[in-house]
Amino acid sequence: MGRKGIIENFKNPSKYKCVYEKNDNIELFYDDYCNWNRINEYKDFLFNSNLPSIASQLMISKKVNLFHEHVLIKEKGSRKKTPWHQDQSYYCVNGKQNISFWCPLDIIKKNTCPEYISKSHKWTKQFLPTKFFGNSYEKLDSEFEKIPDIENNKENYTIESYELNPGDAIAFNFATVHGAPENNSDNKRRAFSARYTGDDATYIKRKGEMSPPFPNLKLKNGDILDCETFPVILN
């Protein structure tokens with residue numbers, strides 16, 4: 001996937017690009033997603049690297065579908081924290097066999113690495129999606145509850161973070177509760193997230209807003225995800 005794909009991505013971002021933090025019109029924290037169909041480096045990495053095979057093993061799933069990719073960049077000097085959240089409540093995916101890989105393109109110190117609450121994917125609660133600006137979505141799903149104030153009560157949780165190099169990856173379930181600190185290092189903090197689903201994954205239209213929105217998707221609740229948008233990579 002490499003840096004070339006990310007440079008190409010942000011020279012010509014999609015309509016989904018979002019900037020969360022600026023300083024004197026310099027973008028410090030921004031992201032984009034769902035570009036694998038138009039950026040060859042992304043597609044090659046998502047389909048032809050060893051990630052699908054690793055995903056199959058970790059999900060304990062024969063089938064692996066691509067869900068989407070997501071690139072997040074925090075430039076040196078970014079002061080904005082990524083709020084604590086749970087990805088699955090944003091997603092149109094039901095099921096427990098799913099996985100995200102957070103793949104850094106830069107050296108990541110422990111104090112700039114995303115933070116994950118150990119075993120939170122086994123919690124029975126589901127939490128309302130939170131925008132990375134820090135506020136909730138306007139249209140909410142009443143089945144979800146507000147996420148607790150983890151940032152000010154970290155001593156109550158077992159929180160994992162790591163020192164990473166390019167080529168490393170953190171793998172976690174869509175239901176894992178996580179957040180990320182500001183970037184107070186001397187480097188960019190660029191990361192490529194690769195997301196896959198497994199055997200038990202089915203489509204669900206959330207009652208609140210979803211991200212990514214996949215506006216052209218024709219699936220109905222309970223459908224398996226196999227389609228052009230979520231292609232089968234292993235079976």
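If I ask for residues that are more than 17 Å from Arg190 (Cβ to Cβ), in a loop (DSSP other than H, G, I, E, B) and in contact with a Phe, Trp or Tyr (Cβ under 8 Å, 6 or more places away or on another chain), which ones from segment 75-109 would you list?
The answer is Tyr91, Cys92.
Residue-wise test of (1) modelled with pLDDT of 95 or more; (2) hydrophobic (A, V, I, L, M, F, W, C); (3) in contact with a Lys or Arg (Cβ under 8 Å, 6 or more places away or on another chain).
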site	(1), (2), (3)
Ala175	yes, yes, yes
His178	yes, no, no
Asn187	no, no, yes
Arg190	yes, no, yes
Gly198	yes, no, yes
Tyr203	yes, no, yes
Asn216	no, no, no
Val232	yes, yes, yes
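Determine if segment 168-184 includes at least one residue that is of a type in the set (S, T, N, Q), surrounded by fewer than 15 Cβ atoms within 10 Å (Cβ to Cβ) and touching a residue at least 40 places away in the same chain (Cβ under 8 Å).
yes
I'm trying to understand the selection: among the residues of segment 50-67, which are in contact (Cβ under 8 Å) with a residue 12 or more places away in the chain and either charged (D, E, K, R) or under 17 Å from Asp168 (Cα atoms) (or both)?
From segment 50-67, those in contact (Cβ under 8 Å) with a residue 12 or more places away in the chain are 51-56, 58-67; that's our starting set.
If the condition is that a residue be in contact (Cβ under 8 Å) with a residue 12 or more places away in the chain and either charged (D, E, K, R) or under 17 Å from Asp168 (Cα atoms) (or both), then Leu51, Pro52, Ser53, Ile54, Ala55, Leu58, Lys62, Lys63 are the ones that fit.
Tell me, yes or no, whether segment 118-135 has at least one residue that is outside any loop (DSSP other than H, G, I, E, B), more than 19 Å from the chain's Cα centre (by Cα) and more than 22 Å from Arg3 (Cβ to Cβ). Working first, answer last.
At the first step, the residues of segment 118-135 found to be outside any loop (DSSP other than H, G, I, E, B) are 120-122, 127, 130.
Keeping just the survivors that are more than 19 Å from the chain's Cα centre (by Cα) gives none.
For segment 118-135, residues outside any loop (DSSP other than H, G, I, E, B), more than 19 Å from the chain's Cα centre (by Cα) and more than 22 Å from Arg3 (Cβ to Cβ): absent.
Collect the residues in segment 80-104 that are surrounded by fewer than 21 Cβ atoms within 10 Å (Cβ to Cβ) and more than 26 Å from Phe214 (Cβ to Cβ), keeping them in residue-number order.
Passing the criteria: Lys80, Lys81.
Test each condition in (1) surrounded by fewer than 16 Cβ atoms within 10 Å (Cβ to Cβ); (2) modelled with pLDDT of 95 or more; (3) more than 19 Å from Asn183 (Cβ to Cβ) for Ile150 and report the one that comes out false.
Result: Ile150 fails condition (1) only.
Filtering segment 4-46 down to residues that are among the β-branched types (Val, Ile, Thr) and surrounded by fewer than 19 Cβ atoms within 10 Å (Cβ to Cβ), which residue is farthest from the chain's Cα centre (by Cα)?
Here is the first cut: in segment 4-46, the ones among the β-branched types (Val, Ile, Thr) are 6-7, 19, 26, 39.
Those still in the list that are surrounded by fewer than 19 Cβ atoms within 10 Å (Cβ to Cβ) too: 7, 19, 26.
Values: Ile7: 19, Val19: 16, Ile26: 24 Å.
Top of the filtered list is Ile26.
Output the residues belonging to segment 39-61 that are aliphatic (A, V, I, L, M) and outside any helix (DSSP H, G or I).
Initial filter on segment 39-61 (aliphatic (A, V, I, L, M)): 39, 46, 51, 54-55, 58-60.
The answer is Ile39, Ile60.
How many residues are modelled with pLDDT under 95 and among the basic types (Lys, Arg) if we restrict to segment 118-147?
Filtering segment 118-147 for residues modelled with pLDDT under 95 gives 124-147.
From what is left, the residues that are among the basic types (Lys, Arg) are 125, 131, 139, 146.
The qualifying residues number 4.
The values are calculated or read from the model by the stated rules, or taken from the named source; none is laboratory data. Small disclaimer: the values here were computed from a predicted structure and weren't measured. Cβ sites come from the backbone with ideal geometry, for glycine too, and all protein chains shown count toward neighbours.
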